[in-house]
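Visitor: Handing you a structure now.
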Amino acid sequence: MRHSALLRSGTGLERPGAVRDVAQHEIPTAPAADEDRGNAARLDHFVVRNGVRCAGAHLIIDIYDGERLDEIEHIEHTLRRCIDAAGATLLHIHLHHFQPNGVSGVAVLAESHISIHTWPEAGYAALDVFMCGEAVPEACVPILREAFSAKRVAVSELLRGQGV
């Protein structure tokens, strides 16, 4: 596919059966369009972080000198552990194993998502952890550090949707 070439050029053909696609829960229905959008009791899942009202916290996580970054089953298990620790709700996981190596994928959450892209040959992984509502995205950091035996982890936080 064209998008896989954009993510990881020169990877060659896909390995048969490499895609893992696991549905977990039904997707909740959106509120009716005629509901009172000004109702203070409406659950918009916005949060207050560091005194700022926002849609949620988006962590940009870089894993350096990591291990097991080419093991799709280990990555799936690690994402599930992160979701549990953060108190998030898994809707769907989709992971793809590239040839000769590397994994890209996403865990779609009711609270947003966790995405991962790995470069095992460099010991590097890039993750986005974006969550709103009651979920605690920073709970993922120690799990990722341990699961990939990372020698260094860099985390940046963006507060999304400020002023909405």
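Visitor: Please give the length that would be gained between Ala122 and Glu138 if that part of the chain were fully extended, namely 0.36 nm times their separation in residues minus their C-alpha to C-alpha distance (nm, one decimal). Provide the component values of the computation, followed by the final result.
Guide: Details: separation 16, 0.36 × 16 = 5.76 nm, distance 2.46 nm.
This chain segment gains 3.3 nm when fully extended.
Visitor: Shifting gears a bit: For Arg81 paired with Arg152, estimate the spin-label separation in nm (one decimal), with each label point 7 Å from Cα along the Cα-to-Cβ line.
Guide: Between Arg81 and Arg152, the label points sit 2.3 nm apart.
Where a number appears in this text, it was derived from the coordinates with a stated rule and is not lab data. Predicted model only: the values in this text are computed from it and were never measured. Because the Cβ atoms are built from the backbone with ideal geometry, glycine has one as well, and the counts that use them run over all protein chains shown.
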